[in-house]
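Have a look at the structure below before the remarks.
FYI, it's all coordinate maths here, none of it is from the lab. Just so you know, these numbers come straight off a predicted model, no measurement behind them. Note that we place each Cβ from the backbone using ideal geometry, even for glycine, and neighbour counts take in every protein chain shown.
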Amino acid sequence: MSLSLPLPVRALPWRRLINHPGFLLVAPALLLAAWQTACNSGAVSPQLLVPPVQVWRTALALISSGELWQNLSASLYRLFTGFVAGTVGGLVFGALLGTKPRFVVWFGPTFNLLRQVPGIALVPALILLFGVGETFKIVVVGKAVFFSVALATGESIRAVSGRWSEVGELYRLSHWQRLRYITLPASLAPVLTGMRIGLNRAWMVLVATELIASESGLGQMMEMARQMFQMDVVMVGIVLTGVIGFALDRGLRVIQRALLRRQGANA
Amino acid sequence: MSASTPWPDRLRGLVIPAVLLTLWQWAAHHSTVYAYAFVPLEQIWQGLLQSVTDGGLFINLGASLARTSAGLLIGSVAGLALGGILALSPLADKLAGTLFHALRQVPLLAWAPLIGLWFGNSEPARLLVISLAELYPVTLNTFEGLHQTEQRHLELAGLYQLNLWQQFWRVRLPGALPQVFTGLMHALTFAWISAVGAEMLFSAGPGIGSMMLTAETNQRMEIVLICVITISIMGALMNLGLAALARRSLRWHQ
């Protein structure tokens, strides 16, 4: 139930207009129109605001010159390398955390301590350790993914072994059977969510890192454009980072749903 | 580790950090390759003493905290207002909702170059980044909290024939408080991290982030590490503090 507007409008046609799915595009369209008008009117200096048409043209120019792909691929390479490393490490560490209480005793406090350190705060320290290159960026990405995945894996496995261990004992399943038929399917959803959250955080931290210290990559492209007052390039970068972030999140969600549906079908 | 961990286990938990510290110390004294990266512990201690006694650490920390608080205030107020409007008006929701979610996809610090172009390397730029950082969690959680007022509470309000304002103030708002608090807690974490990030990107003026960046340029690893530890401790303290506060004020809800 929601409150209605304090306006004397007739309920039915107004409601139908608002609830039409196309209505969702009104605000973005209005924004673009206002933006273009503001630029056309000359009221705003061209250094402060670049018309959307020019942003589009700049985007095309960057694509055709290959510069966009160069920076994009650099960023994506770091993201995926760090993601794979962080996920593998996180799954192993998390599995140990979830199954072996002794492991938690020895390594738990260190894990929780290091987890408190924000990724971006590590950037200067990592630069001093590894220099400004690929390594430290991959480490930053890996760190974000590792802690997210390890935490999700550890907690989900621990939850599973609590609830379903009796079932396993009842059916007298071997260790491997228990792993395959109980632990893995039950912890799949939380682990995938952990991976998704880790990827999201990693992307945010990677863009920030490239803004601060990098010779290539989307963030560096945007930062250099900022210094050269090329607002159109900056806008292209903003749109692109947003689209990639969205695509990564959606992509993993689709995979998550597909895997869970298959799992549901097999059950 | 909970409060009921037996103390032998607590000691065992400290073994790994101790081992790591020992390895660090060994590398600091015996390795020449990463000489400026692995600074010995006594040098870190010296750096800490120096930055505490000449006030540098506290000045920068204070500036960061002030900035975070200011940004938190602005962002939370804006977020609460926005979340409230989106929840109470389906028109506003349909109008601004898509735009809001689309803009949310952009990583926060990716807005920094744009903000830098408009505001330069200045305090408003930093505050804007911090406020934006918490706008999203606060708005989303406020929206959710207000949206999910339980049906029976609303029916009760209808029975008492409360007008719109009373219904909001006495029924929807108290019901939304736990969710709003969750939003504020997330906002605090984001605010602190984005404050550090904003200081590293707009590094004029005092602040832990710019202190860290300057130390990195001067290759003073001990200052960098001190800053990292300070940032982490402050972040953890803030989370604990706010969690305790939330528990205390929401006790009636249980």
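With a 10 Å cut-off around each Cβ of A:250-263, the average count of Cβ atoms from other chains is 0. Phi angles across the stretch A:61-78 convert, under the Karplus curve 6.51 cos²θ - 1.76 cosθ + 1.60 with θ = phi - 60°, into 3J(HN,Hα) values of 4, 5, 5, 5, 7, x, 5, 4, 5, 4, 5, 4, 5, 4, 5, 5, 4, 5 Hz, Gly and Pro given as x. Of all lysines in the structure, those lying under 26 Å Cα to Cα from A:Lys100, and not within fewer than 8 positions of it along the same chain, are A:Lys143. In chain A, the convex hull through the Cα atoms has an average projected area of 22.1 nm², a quarter of its surface area. Counting, for every residue in A:215-223, the Cβ atoms of other protein chains within 10 Å of its Cβ and taking the mean gives 2. What is the Rg over Rh value, at two decimals, for the protein assembly as shown, using alpha-carbon atoms and the Kirkwood definition of Rh? Radius of gyration relative to Kirkwood radius: 0.99. Think of each Lys and Arg Cβ as +1 and each Asp and Glu Cβ as -1; about the Cα centre, that makes the dipole of the protein assembly as shown roughly 1820 debye. Say the dipole of the stretch B:70-249 comes from +1 at the beta carbon of Lys and Arg and -1 at that of Asp and Glu; which of B:Leu240, B:Ile193, B:Ile226 then lies farthest toward its positive end? Value computed over the given set: B:Leu240.
Relative to the Cα centre, the charge distribution of the stretch B:70-249, modelled as +1 at Lys and Arg Cβ and -1 at Asp and Glu Cβ, gives a dipole magnitude of about 340 debye. From most to least packed by mean Cβ count within 10 Å, the peptides B:98-108, B:49-59 give B:98-108, B:49-59. Straight Cα distances below 17 angstrom link A:Lys137 to the aspartates and glutamates A:Glu210, A:Glu215, A:Glu223, B:Glu216, with same-chain residues fewer than 8 positions distant left out.
In this simple spin-label approximation, A:Ile63 and B:Leu11 carry label points 7 Å from Cα along the Cα→Cβ vector, and these lie 6.6 nm apart. About its Cα centre, the dipole of the stretch A:52-266 is roughly 940 debye, where the only charges are +1 on Lys and Arg Cβ and -1 on Asp and Glu Cβ. Split chain A at each of the chymotrypsin sites (Phe, Trp or Tyr not before Pro) in a DSSP loop with at most 13 other beta carbon atoms within 10 Å, and the longest piece is A:1-170. Partner shielding of B:12-20 amounts to 4, given as the average count of beta-carbon atoms from other chains within 10 Å of each residue beta-carbon. When trypsin sites (Lys or Arg not before Pro) are flagged only if DSSP places them in a loop and at most 12 other Cβ atoms lie within 10 Å, the longest unflagged stretch of chain A comes out as A:11-171.
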